[in-house]
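The values are calculated or read from the model by the stated rules, or taken from the named source; none is laboratory data. Remember, it's a predicted structure, so these values are computed and weren't measured experimentally. Cβ placement follows ideal geometry from the backbone for every residue including glycine, while neighbour counts extend to all protein chains displayed. In case anyone asks, the SASA skips ligands and DNA or RNA and just uses the protein heavy atoms, side chains included. Shrake-Rupley method; radii C 1.70, N 1.55, O 1.52, S 1.80 Å.
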Amino acid sequence: MSENLEQFRLRAREWLAANLPKASTEGEFDWDRGRQLQRQLYEGGFAGLCYPREYGGQGLTPQHQRVFNEEALDYEMPVRLNFPTLTICGPTLLDTGSEEQKKEFLPAAIAGELLFCQFLSEPSGGSDLAGVLTRAERTADGWLLNGAKTWSSSADTADWAMVLARTDWDVPKHQGLTMFLMRIRQPGVQVNPIQMLNGSHEFCEEFFDDVRLPSSAVLGEVNGGWAVATRLLYHERAAVGGASPFVSGVRQGQMTRDGTLTDLVRESGQADSERARDLLARSEVLHLVHSALAEDLTQRLVDGELPDAAMSYIRLFHAEAQQAEIDCGLELAGPAGVTDSGSWALRYLGRQGLSLGGGSTEMARNVIAERVLGMPREASADKGVPFRQVRQGPTS
Amino acid sequence: MASATARSTELRMFLDTTRKFAEAQASTTQLRTWWREGQGLDRPWWRQVTELGWTSLLVPEEHGGGSLTGEALLDLFALTEILGELAVPGPTNVLNSVLAALVHPKAQPGVDVRWLSELMAGERVATWAHPPATSLSAQPGRDGLLLNGTALAVEFGAHADLVLVRAATQERPVLVLIDTHAPGVTVRPTQSIDPARPFADLAVNDGRGTLVAQGPDVEPIVARLQQVLNVLQVAETVGGSGRVLDLATQWAFERYSFGRPLASYQALKHRYADLATHQHAARAIALRAARAVQDTEADAALLVSAAKSYVGEVSLEIMQDCAQLLGGLSQTMEHDLHLYLRRAMLARQTYGTPYEHRQVVASLLLDREAAA
Ligand SMILES: Cc1cc2nc3c(=O)[nH]c(=O)nc-3n(C[C@H](O)[C@H](O)[C@H](O)COP(=O)(O)OP(=O)(O)OC[C@H]3O[C@@H](n4cnc5c(N)ncnc54)[C@H](O)[C@@H]3O)c2cc1C
């Protein structure tokens with residue numbers, strides 16, 4: 001007997017009411033609490049809804065996830081576990097992992113026992129991801145990793161990382177990369193939290209000094225890391241654009257549960273101001289458009305009407321909509337927004353993170369122009385050149 | 001009922017026929033001829049159009065209409081998008097919206113059968129007077145209602161045989177079809193920025209009208225009419241902006257400067273990427289609003305106003321940016337861009353500007369949260 005969506009909704013509603021505390025906005029996120037909540041969801045059968053059952057998921061549809069998210073809005077949710085564990089690294093493992101890897105990592109990730117982070121960007125640059133300098137060399141029984149990564153979100157609280165490293169320097173850049181699964185807390189790995197411009201701690205830098213990795217750490221093929229990275233970037237664009245079917249516990253199209261502009265308009269007593277109403281509606285309209293675009297693109301990708309690269313549309317639009325919201329928030333908050341520790345001012349400080357994290361919007365525009373519209377590729381000085389001979393900047 | 005695939009095959013065939021007809025019988029060259037001749041509507045052409053089924057989708061089968069997939073408004077959306085893409089003239093949007101009002105379950109019984117077949121067959125044309133620009137009072141007369149007042153900026157007002165208006169008697173609101181040929185109605189055509197979409201001001205002095213609805217039945221019908229009208233307008237507009245963007249994108253590959261195609265300059269590639277993103281976004285919210293109205297979702301009004309305000313603004317931004325990317329050519333009468341730009345300007349300014357629809361969005365949000 002299969003349950004329909006409405007029955008699923010009722011079951012979720014009952015379970016949530018019986019098991020989780022109400023909490024509509026996000027305070028400072030407590031990772032241990034997050035893991036515990038995820039564990040509860042897992043035991044209740046409400047974690048990893050869109051993951052296959054054999055890997056610890058529920059084998060349900062994106063519509064089920066949407067229904068669950070609607071029901072879960074007023075409850076405390078482990079929202080930060082979405083990014084990157086459940087929406088980016090998990091789906092990438094699903095696409096590219098071996099059977100053993102999927103069995104080992106996915107159920108644990110869905111149960112909140114194992115959190116991932118992404119070691120992709122390096123001090124030498126993030127946009128040109130295929131140009132990473134971190135190196136992995138073969139040893140008798142595995143690999144030896146050396147190099148540095150940076151801007152890795154929540155590396156200090158994660159357990160494992162996906163690391164992109166160079167394993168062959170004598171071939172062009174895309175052909176000499178391998179993706180590894182690496183335990184973070186082990187000899188030779190140093191993780192330093194980085195303080196963000198708004199005072200928070202979102203990401204870290206890491207140094208690898210002769211880190212030993214077993215052969216089983218390779219995800220996908222040796223020197224086939226770019227194929228894995230391509231899947232990862234696809235899921236990342238979907239996640240960062242608010243179009244991931246794996247995202248759990250947040251409003252459709254959002255990554256977080258920050259306070260809304262509607263709250264701000266009311267709490268600051270501007271509900272009767274025509275100007276405030278216009279600013280509020282400007283932002284709300286963009287959110288509605290964003291959700292419509294996310295749904296439409298997801299459907300058209302599934303139907304094969306658009307290439308995967310079209311996911312960049314949602315990445316780009318998401319940044320635009322979020323930044324417009326922040327701009328409206330700052331405007332509505334007025335002088336008090338900056339003289340009296342406003343949360344909108346803090347969000348404004350980190351405004352550009354929205355068009356950098358998860359790949360910059362400039363890169364998204366390149367992808368759209370070149371791979372969706374078919375315009376000529378940018379000239380690149382490293383095309384077809386063995387990576388060893390590619391020129392690096394003075395800061396690398 | 002036919003299977004879903006058979007139904008969608010039928011829709012595809014209908015859209016193909018539409019496209020072929022529009023390309024042959026309503027090309028932008030012909031549109032220009034109409035313009036020169038100052039012809040806002042060519043009646044014989046319009047009768048031919050109605051045979052294609054452009055006016056029957058929203059009318060139930062028992063009255064001689066019928067949708068192709070069971071989701072009439074979505075069928076009409078797809079049709080209208082093509083009409084927008086090919087800049088097809090004619091009163092399809094406003095006429096279909098009036099038809100949606102006349103077949104509304106709350107409309108007076110009898111009204112529909114009287115007019116529907118003639119309207120669907122192109123023998124008569126009906127339009128709608130947008131309430132904020134309408135000021136009409138009604139009194140019971142010997143045979144029907146007597147109306148007095150004005151209705152300004154009525155789309156196809158000088159071509160319509162019937163104008164649906166919202167008026168008020170001493171006691172209650174009424175929805176009335178005015179016969180423009182009856183005594184008492186003076187029509188003054190105005191200068192529309194798009195000559196193929198003309199407007200007129202109406203002065204009514206003891207004009208004759210037929211009652212369509214009254215009292216509490218008026219608002220639901222008006223709401224439905226306006227939602228349908230706004231959905232069709234955004235469908236047409238995204239069809240138009242999509243076409244303009246296609247023309248400009250093609251141009252980027254064909255036009256060279258400094259020995260390379262424009263499409264190879266990153267500064268321009270990034271603008272095309274933004275334009276394509278906004279075009280997809282505009283189409284997505286237009287379609288989302290159509291779906292919401294089709295399914296009478298609780299959020300339909302919110303989504304329609306969101307679509308109307310977003311599409312109203314972004315379609316013009318897309319077109320003007322395309323004008324920039326097309327260079328000097330875009331500033332000529334010869335290039336088609338202005339045909340689309342004019343229609344999009346009308347769409348932005350009529351039936352509520354983006355600002356006005358944002359005020360609707362805000363009040364829906366704040367009222368809803370207050371009620372919760
Ligand atoms: C909040 C946040 C979270 C992040 N989380 C992670 C994470 O978990 N893991 C991780 O590995 N990284 C992470 N990053 C890093 C992020 O992926 C990079 O910041 C991003 O890819 C840009 O790389 P970069 O900072 O090195 O800038 P650069 O690559 O040096 O680029 C600088 C500027 O030049 C532009 N640019 C570069 N090349 C081109 C080109 N060819 N054409 C046009 N413009 C170009 C860029 O768009 C950018 O504006 C995060 C960043 C942020 C802000």
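Contact map, segment A:120-131: residues that are near the ligand (Cβ under 6 Å from one of its atoms) paired with residues that are of a type in the set (S, T, N, Q) and modelled with pLDDT under 95, Cβ distance under 8 Å, separation 6+ or inter-chain. Pairs shown: A:GLY125/A:SER396.
Quick check: is even one residue across segment B:252-259 within 8 Å of another protein chain (Cβ to nearest Cβ) and part of a helix (DSSP H, G or I)? Yes, there is a match, as at least one residue in segment B:252-259 is within 8 Å of another protein chain (Cβ to nearest Cβ) and part of a helix (DSSP H, G or I). The single condition among (1) open to solvent by less than 20 Å² (accessible area, probe 1.4 Å); (2) over 23 Å from B:PHE77 (Cα atoms); (3) within 13 Å of another protein chain (Cβ to nearest Cβ) that B:PRO354 does not meet is (2). Within the set B:LEU268, B:LEU329, the sole residue that is more than 28 Å from the chain's Cα centre (by Cα), within 12 Å of chain A (Cβ to nearest Cβ) and farther than 22 Å from B:LEU232 by Cα turns out to be B:LEU268.
Restricted to segment B:316-350, and to residues there that are part of a loop (DSSP other than H, G, I, E, B) and touching a helix residue (DSSP H, G or I) at 6+ places or on another chain (Cβ under 6 Å), the residue that is nearest to B:GLY242 (Cα to Cα) is B:ASP336. From the list A:GLU76, A:GLU100, A:GLU71, A:GLU104, the lone residue that is among the acidic types (Asp, Glu), away from the ligand (no atom under 15 Å from the Cβ) and free of Cβ contacts under 8 Å to residues at least 24 places away in the same chain is A:GLU104.
Results for (1) aliphatic (A, V, I, L, M); (2) touching a residue at least 24 places away in the same chain (Cβ under 8 Å), shown as yes or no for each residue.
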{"site": "A:PHE208", "(1), (2)": "no, yes"}
{"site": "A:GLY220", "(1), (2)": "no, yes"}
{"site": "A:VAL240", "(1), (2)": "yes, yes"}
{"site": "A:GLY249", "(1), (2)": "no, yes"}
{"site": "A:GLU267", "(1), (2)": "no, no"}
{"site": "A:ASP272", "(1), (2)": "no, no"}
{"site": "A:ARG277", "(1), (2)": "no, no"}
{"site": "A:HIS287", "(1), (2)": "no, yes"}
{"site": "A:VAL302", "(1), (2)": "yes, no"}
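The helices (runs of 4 or more DSSP H) found wholly in segment B:4-99 and carrying at least 1 residues that are of a type outside the set (Gly, Ala, Ser), touching a residue at least 12 places away in the same chain (Cβ under 8 Å) and in contact with a His (Cβ under 9 Å, 6 or more places away or on another chain) occupy B:43-51.
Looking only at residues in segment B:87-141 that are among the charged types (D, E, K, R) and farther than 17 Å from B:GLN48 by Cα, the one that is nearest to the chain's Cα centre (by Cα) is B:ASP112. Taken over segment A:337-373, the criterion of being within 14 Å of chain B (Cβ to nearest Cβ) and open to solvent by 50 Å² or more (accessible area, probe 1.4 Å) is satisfied by A:GLU362, A:MET363, A:ARG371. Here A:GLU325, A:GLU320, A:GLU331 are screened, and the one residue that is more than 14 Å from chain B (Cβ to nearest Cβ), in a helix (DSSP H, G or I) and touching a residue at least 24 places away in the same chain (Cβ under 8 Å) is A:GLU331. Taken over segment A:340-374, the criterion of being more than 21 Å from A:SER244 (Cβ to Cβ), in a loop (DSSP other than H, G, I, E, B) and within 13 Å of the ligand (Cβ to nearest atom) is satisfied by A:GLY350 alone.
Here the condition is being more than 14 Å from every other protein chain (Cβ to nearest Cβ) and either among the acidic types (Asp, Glu) or touching a Gly at 6+ places or on another chain (Cβ under 8 Å) (or both); of A:ALA243, A:ALA238, A:ALA227, it holds for A:ALA227 alone. A:GLY384 satisfies every condition listed in (1) away from chain B (no Cβ under 14 Å); (2) part of a helix (DSSP H, G or I); (3) open to solvent by 50 Å² or more (accessible area, probe 1.4 Å) except (2).
In the condition set (1) more than 8 Å from every other protein chain (Cβ to nearest Cβ); (2) assigned to a helix (DSSP H, G or I); (3) free of Cβ contacts under 8 Å to residues at least 40 places away in the same chain, B:GLU297 is compliant with all but (2).
Can you confirm whether B:ASP246 is open to solvent by 20 Å² or more (accessible area, probe 1.4 Å), at pLDDT 95 or above and within 16 Å of B:THR277 (Cα to Cα)? Here the answer is yes, as B:ASP246 does meet what is asked. Selection within segment A:136-167: residues that are more than 16 Å from the ligand (Cβ to nearest atom) and without any contact (Cβ under 8 Å) to a residue 60 or more places away in the chain. The member of this set that is most open to solvent (accessible area, probe 1.4 Å) is A:ARG138.
Take B:LEU229 and decide whether it is open to solvent by less than 50 Å² (accessible area, probe 1.4 Å), within 12 Å of chain A (Cβ to nearest Cβ) and in contact with a helix residue (DSSP H, G or I) (Cβ under 6 Å, 6 or more places away or on another chain). So B:LEU229 does not fit the description; no. Taken together, the residues in segment B:188-218 that are open to solvent by 50 Å² or more (accessible area, probe 1.4 Å) and within 22 Å of the chain's Cα centre (by Cα) amount to 4. One residue is enough: does segment A:176-195 have a residue meeting the conditions among the hydroxyl-bearing types (Ser, Thr, Tyr), surrounded by fewer than 17 Cβ atoms within 10 Å (Cβ to Cβ), more than 12 Å from the ligand (Cβ to nearest atom) and over 14 Å from A:PRO84 (Cβ atoms)? Within segment A:176-195, none of the residues are among the hydroxyl-bearing types (Ser, Thr, Tyr), surrounded by fewer than 17 Cβ atoms within 10 Å (Cβ to Cβ), more than 12 Å from the ligand (Cβ to nearest atom) and over 14 Å from A:PRO84 (Cβ atoms).
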